[in-house]
Amino acid sequence: MIQFQKNNITVFQSALYMTTSAIIQANETVIMTDPNWLPTEIEEIKGYINKIKGDKQLYIIYTHSDFDHIIGSGAFPEAKVIASKQFADNPNKEESIQKIKQFDQGYYLKRSYAPIYPTVDIVVSEDGYKLELDSLTMTFYQAPGHTNDGLFTVIEPYGLFLSGDYLSDIEFPFIFSSYKDYVNTIHTAENILLNHQITTHIPGHGTTTQNQQEIRKRVDGSKYYLEQLLHDNGELERYLSEEYSFFEGMKSIHNDNKKIAKENL
Ligand SMILES: [Zn+2]
């Protein structure tokens, strides 16, 4: 399952939707994002955590509340949870859990733990909030637009940018909550690249990269898409089918995006 490993950074990749779980080891701390998807995959991630953890404190950052990103939460009851205020205050917690149950029913999946909606220990309510942990500085930015409870994390001095369901190399923007917010969030991403020395980008779906040009391309790709969405005359679909290998499977989301963008303006 390991997609990327270098120094103290390990990124696991699920067989489903190239969803990632990043694990960062520090002296007294282990930090992980969104453990997911399948029961065997969660077990593998848990095995890895147990191997490296010792008496270090485990933290889990939830990038947002889509059910695929919280599906593994019940397997790590000892973890301290970091997420946005909107995530903690989500009025539809039960709905997320229902989606997990439906998914497991649909594929006859049994888990060794009960799915739960994470209880947030460290609630991020302010943009640019900094958390010093161990020898690390984590800076958080609100990232609404895909969902309203998204969170960007920068981890220094490692130069890591954890972007959740934004800036994927395999998905165009999925705008589930607000077009305007999405545009602003991409602007936030640009500012992150300006204000932090980012060396590694880990998206929630897709490939980890340390290539500066590729990181820039991901930001520009989202900007281009959001721009074009407003005056698409059919060109955009051709571009998307060339750019994204799984476009056929995502086409309906592109059509929904067009509607939400128009409604938003
Ligand atoms: Zn996702």
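The values are calculated or read from the model by the stated rules, or taken from the named source; none is laboratory data. Everything quoted here is computed from the prediction, not taken from an experiment. Using ideal geometry, Cβ is built from the backbone for each residue, glycine included, and neighbour counts are taken over all protein chains shown.
At-a-glance table
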| item | result |
| --- | --- |
| Sole residue being of a type outside the set (Val, Ile, Thr), within 14 Å of the ligand (Cβ to nearest atom), touching a helix residue (DSSP H, G or I) at 6+ places or on another chain (Cβ under 9 Å) and on the phi > 0 side of the Ramachandran plot, chosen from 150, 206 | 206 |
| Single match in 95, 126 (criterion: more than 18 Å from the chain's Cα centre (by Cα) and within 16 Å of the ligand (Cβ to nearest atom)) | 95 |
| Residue in segment 114-167 that is nearest to residue 76 (Cα to Cα), counting only those that are among the hydroxyl-bearing types (Ser, Thr, Tyr) and in a strand (DSSP E or B) | 153 |
| Among (1) more than 13 Å from the chain's Cα centre (by Cα); (2) modelled with pLDDT of 95 or more, the one test that residue 134 misses | (2) |
| Residue tally, condition in contact (Cβ under 8 Å) with a residue 24 or more places away in the chain and out of contact with any Leu (no Cβ under 8 Å at 6 or more places or on another chain), over segment 181-190 | 5 |
| Residue in segment 55-76 that is among the basic types (Lys, Arg) and surrounded by fewer than 16 Cβ atoms within 10 Å (Cβ to Cβ) present | no |
| Residue list for segment 138-170, restricted to those being crowded, with 23+ Cβ neighbours inside 10 Å and of a type in the set (Asp, Glu) | 149, 165 |
| Test: residue 1 is within 16 Å of the ligand (Cβ to nearest atom) and either among the hydroxyl-bearing types (Ser, Thr, Tyr) or closer than 21 Å to residue 168 by Cα (or both) | no |
| Candidates 52, 31, filtered to the one that is away from the ligand (no atom under 16 Å from the Cβ), touching a residue at least 60 places away in the same chain (Cβ under 8 Å) and either assigned to a loop (DSSP other than H, G, I, E, B) or within 21 Å of residue 155 (Cβ to Cβ) (or both) | 31 |
| Any hit, segment 211-231, residues being surrounded by 15 or more Cβ atoms within 10 Å (Cβ to Cβ), within 16 Å of the ligand (Cβ to nearest atom) and of a type outside the set (Ser, Thr, Tyr) | yes |
| Identity of the residue in segment 12-28, surrounded by 20 or more Cβ atoms within 10 Å (Cβ to Cβ) and over 24 Å from residue 250 (Cα atoms), that ends up nearest to the ligand (Cβ to nearest atom) | 22 |
| Qualifying residue in segment 173-192 (condition: at pLDDT 95 or above, more than 15 Å from residue 143 (Cβ to Cβ) and not aromatic (Phe, Trp, Tyr)) | no |
| Residue list for segment 59-75, restricted to those being away from the ligand (no atom under 11 Å from the Cβ) and part of a helix (DSSP H, G or I) | 73, 74, 75 |
